[in-house]
Every structure is written in C-alpha cells, then in structure tokens.
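Structure first, commentary second.
Where a number appears in this text, it was derived from the coordinates with a stated rule and is not lab data. If you're wondering where the values come from, they're calculated on a predicted model, not measured in any experiment. All Cβ positions, even for glycine, are placed from backbone atoms using ideal geometry, and neighbour counts span all protein chains on display.
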Ligand SMILES: Nc1ncnc2c1ncn2[C@@H]1O[C@H](COP(=O)(O)OP(=O)(O)OP(=O)(O)O)[C@@H](O)[C@H]1O
C-alpha cells in the first residue's frame, strides 16, 4: 500500500516533465523557425502555381503569342519550389540533430539518477536502446513531422481549392474517388501504430537480453552455452522480424490504395470533364490544368500517407522516452515521499540527541517485493571501531548496507546514519560521508587515477595516490602497468579480483569518510595481502566507523563489535568473545561452514 501511495505521488510530480517535441525543437529558435516556415510556404506556393502556369502557357501558345515569360515563370516555379523545400528540410534537420543530442544527454543523465530498483527493472540494454533505435525514430519524426507533413497537407488543400475554382463538379468527382482511399489509409495507420508499439518494445527487450548475455560472456563460454544463448536471442530477433513483417505488409498497402484512388478519379474526371467541355462549361486550358492538378495530387498524398505511417514509429519512441523520464530520480522520489508524509514523520535527526552511533536501525523492515528480507531489525554500529555483520548467505547483510547508503528506503522502522534520520539526509550529503567497498569491487572503465578519485572533490597529487596504493599493497603493481596511474582499466588491461579489492579499499582510504562500509568478498586472499588489508582496515577503524560484512573468521575475531543476522532478524550483537559464549547461532556460524576459512 505504502509503495503505491509513493509511486502515485511521484507520477503526478513528474507529469510536467513530458517530452514536448515541438516545444523542445523550437525553443529559443524563433528566427530559424520563421525562416523555415517561409521557405516551406514559398515551396508549397510554387508547387501550387506550377500547373496554373502551364495552363497559361498553353493558352498563350494557343493564341499564338510569345510564350517566353511563361516558360521562365514555369522554370522558376519548378526550381524555386525544389530549392526552398530542400533548404527548409536541411535547416529543420539541423534543429533535429540538436534536439537528439539533448535527448541523448538527458537519457543518460536521467538513467544515472534513477533509483537502483527502477534502473534494474528497466535494464541496461533497454536503456541503451533509447539512445540508439528510439533516438533515430524520433529524428525521423522530426524530419517528417513538422515540415514534410504540413507541406504535403497544405499542397493537397491548396490543390483542391484551385481545382474547385477551375471546376467544382470535377472537384466533387475527385474527392469522392479519393474518400474511400483516405478511409482505408486511416485504418492502416491505426494498425501500424499498434504494431510499432509491439516492435519497439521487443527491440528494447532484445537489446536488454543481448547486453545481459554479453555481461555473462565468461560463464557462457565456460559452459559452452554460446549456441543455446545465441538460439534464444535469435528466437527473440525472429519475433521482432515477424512483427516488422506485419508492419511492412500494412505499409505496402499505402501506395496502391492511393494510386487506385487516383486512377478512379482520373477515369471519372476524363469522362466527366469531356462531357463538361462538350457542354461548354470548361475550356481546354482549364481542363488540362485540372488534369495536371489531379496528377500532382498523388505525390503529396503519398507523401502524407507514408509520412503518417513513418510518424507512428517516432510517436511510439517518444512514448518510450516519456516513460523513462516519468520514472522519478532518487532525489525527486524522495521529495515526493517527504511531501506526502511530512506530517507523519516524528521530528528527529537532530545530531547529538542520542549517544553517538554511526548507524542505528530501529525495528527496520524491508523487502524487495512481497517477501521480507529484513524484519524488525535493531542494530547499532558504534561511531568508532570495526563492526562485523555476520549471518548465513541471503540473511540480508548486503541489503542492510544498501539501506545505510539510501539505495532503498525501509518499509518500516527507522534508519539513522551519523546521528540523522535517513529520510532527512540529502542523499548526496549522506553518500559523501560514506565510503563503500561493494562485494564485487566494481571499477569504472577508466584510468586507475579516476577510479581512485571517484567522488573525490579535490585533486590530490600523484604522490598521495601512490601512498594510498602502497598502504593496500598495490603500489608496485600499479607502477608496473604500462601507463601507471593513467592506465585504463576494464579494457585491454584489467585487474585480478584481489587487486580490485585492494584498489577499492585504497579508494575508500582516500575518501576520508567517517563511515566505511565494506562488503567483504568471500573469495580467498593470499595471507600476505589479507594481513595488509586487515592492517589498513584497523587503521581506518581507529578514528571512524568501519562496518564489514564478514565472511572470514579472522575478520570477526578482529572486530570490536559483532552483529548476528539470521533470516533478516538481528539475533544478537556484542563482542566476539561474549557472543561465542551466549549466542548459539553465532557459535554455530563460527564453527560451521559459512564463516570458516583456513586461517582459523
Ligand atoms: N536486487 C534484489 N532484488 C530482489 N531480491 C533481492 C535483491 N537483492 C537481494 N535480494 C534478496 O534479498 C535477500 C538478502 O540478500 P542479501 O544480498 O542482502 O544477502 P546477504 O546476507 O548479503 O547474502 P550473501 O552473504 O550471500 O552475500 C536474498 O534472499 C535475496 O534473494
């Protein structure tokens, strides 16, 4: 229930952030828009004038007068129309490129600012397809939408008006012949919109599965699963192709429908026009002009029809951008919940009102979905020293760290970090005070230097960076890299698991944060490096709080304070010795398989 309330409030707050393409496109570009509109109108006007000029030319020749000026006018109208149209399209396309640039940047920034769970639910591949496929579709939409379609529309309307002036009976015949065609096309366009929505959703899903497979490439190869995984991806690609085939069949109907309409109109007009000429209602020049206008009607109609069908993909992609931008960022989601529940919040978070603790959980409940992961968890991490969090795999240790970082909000109870309620911490300020070493020791695909300085505001000298690396025993190895601190990691050069862990710890050392969260990898470290890391952690713990998710006996033996988690509940907390004596769960963990290592 609580979740639904939150999300509802957020949706409303985000409503104003919808993508208004035309507005985005034209904002601050009034002059350019004016020039484009003038060019488009000039081009359309020239197109409309052409058959009239040809009619006049015929009349002049019929009378035996000099046709020179009318020939010049005809050529000028023809070239002028083409040139103005091309220039308008080119200018518009430049505006479109700028809009796409803005859209791509906004997509990337927004994706980075999403809540973790939303980002995971969207999936990296699906987010990436916004940058590629969806951006291309929107560009298409801009190229067609604001200029070609209105130009085609104006041309059709203008042509019809002139045809009406030439002979309204023939106009009625023409319109009747085309009406059926327009009705059929409307049906096709509706079907297309539905199909494209499905196509683009499937393309996003395909990209998502492909990216996920690439992320698991090592394991896919190790288990010789290239073919199986490839087959499954191929099946998905096949689904996309099937849907595209449906769309293609619908699209291929467009031109025949219009051509058919035109042919019916042509036959009717020739018969009707002949009869009207015989009865003296219409002259030869008028009849020829009418026929030329009728022939000229087909091009803008086909352009409009294919434009409208092309628009559909762009409109579907615009919806996909809307859906992404409607997802709240971490900050806006918190602002929305705070606004909705402020009255219910007991005023707290004043530093110094309680005994100083780095972290305090009071009756904290949390679950990723229906299933609770933490239940009524009460725990305290002292402001100084090494605190170890232990528990069986899946008992909620990493989740507890995530709550401290504010990656998620507790469903119930309260989390206090560094003397302030989690809900009252601006996330950036909170995270500036925490150094987090995650279990996989994630590194960015960037230089050693950038990896060390992630989130660091100053620019420490290389010597300081090397000192930090030496402290974790990684200095020599980094010096040996081809470009030292400037070596890019994650590409051709990568680090081993143990090296990553040491680099991540050096990053935490440099951060100088009053709270260090360390999700200890369960992998084995060689004893020299393990000792070194323990020394660094001890040094850190001397003047700040270090909370370690411990997988090694040596870590808990070393800790000043141990918290025991079991299936999301804190069963006990205290010193290693006291817990060994009084807490059977802890004694079981220590003597059992999970925490045991060779160092015991
Ligand atoms: N992103 C997630 N979405 C849904 N469920 C999750 C997610 N992360 C963890 N869980 C579930 O939450 C429970 C606790 O996971 P957590 O990672 O906190 O355990 P842990 O104690 O750190 O385990 P380990 O020692 O194996 O790392 C698990 O049952 C897991 O299935």
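Each peptide among 268-275, 41-48, 326-333 gets the average number of other Cβ atoms lying within 10 Å of its residues, and from highest to lowest they stand as 41-48, 326-333, 268-275. Most tightly packed first, judged by the mean number of other beta-carbon atoms within 10 Å of their residues, the peptides 112-121, 227-236, 189-198 read 189-198, 112-121, 227-236.
Across the chain, Cα pairs under 8 Å and at least six residues apart give a relative contact order of 15 percent. Computed from the Cα positions only, the extents of the chain along the three principal axes stand at 118, 55, 51 Å, in decreasing order.
A simple spin-label model places pseudo-atoms 7 Å from Cα toward Cβ; at residue 362 and residue 62 they are separated by 9.7 nm. Helix 68-113 and the long axis of the chain differ in direction by around 10°, with both axes built from C-alpha atoms. Each of residue 299 and residue 160 was given a label point 7 Å from its Cα along the Cα-to-Cβ line. The distance between the two points is 2.0 nm.
As a calculated quantity, the FRET efficiency between residue 136 and residue 572 at R0 = 56 Å, using C-beta atoms, amounts to about 0.45.
Multiplying the residue separation of residue 528 and residue 464 by 0.36 nm and removing their Cα-Cα distance gives an extension gain of 20.7 nm. Against the chain, whose longest principal axis is taken from its Cα atoms, helix 2-14 shows a tilt of about 40°. Taking other C-beta atoms within 10 Å as the exposure proxy, 109, 502 rank 109, 502 from fewest upward. Remark: the residue 221-residue 86 segment gains 43.4 nm on full extension, using 0.36 nm per residue and subtracting the alpha carbon distance. Averaging the sequence gap over all C-alpha pairs within less than 8 Å and six or more residues apart, then dividing by the number of residues, gives segment 2-333 a relative contact order of 32 percent. For segment 2-333, a/c is not less than 1.5, where a ≥ b ≥ c are the root eigenvalues of the C-alpha gyration tensor, and a/b tops b/c. That puts it in the prolate class. Each of 53, 381, 246 was scored by other Cβ atoms within 10 Å of its Cβ. Arranged with the fewest first, they read 246, 53, 381.
May I ask you to derive the FRET efficiency for residue 246 and residue 186 from their Cβ-Cβ distance with R0 = 25 Å, giving the value to the nearest 0.05? Given R0 = 25 Å and the Cβ-Cβ separation, E is 0.90. Estimated translational diffusion coefficient (Stokes-Einstein, Kirkwood radius over Cα pairs, 10 °C, 1.306 mPa s) of segment 470-523: 129 µm² per second. Which of the three applies to segment 212-351, rounded, prolate or oblate, going by the alpha-carbon gyration tensor with a ≥ b ≥ c and a/c under 1.5 meaning rounded? Verdict is oblate for segment 212-351. Any idea what angle helix 254-278 forms with the longest principal axis of the chain, computed on alpha-carbon atoms, 0 to 90 degrees, nearest 10? That works out to roughly 20 degrees. Protection proxy ranking, highest mean first, for peptides 155-163, 393-401, 572-580: 393-401, 155-163, 572-580, where packing is the per-residue count of other beta-carbon atoms within 10 Å, averaged.
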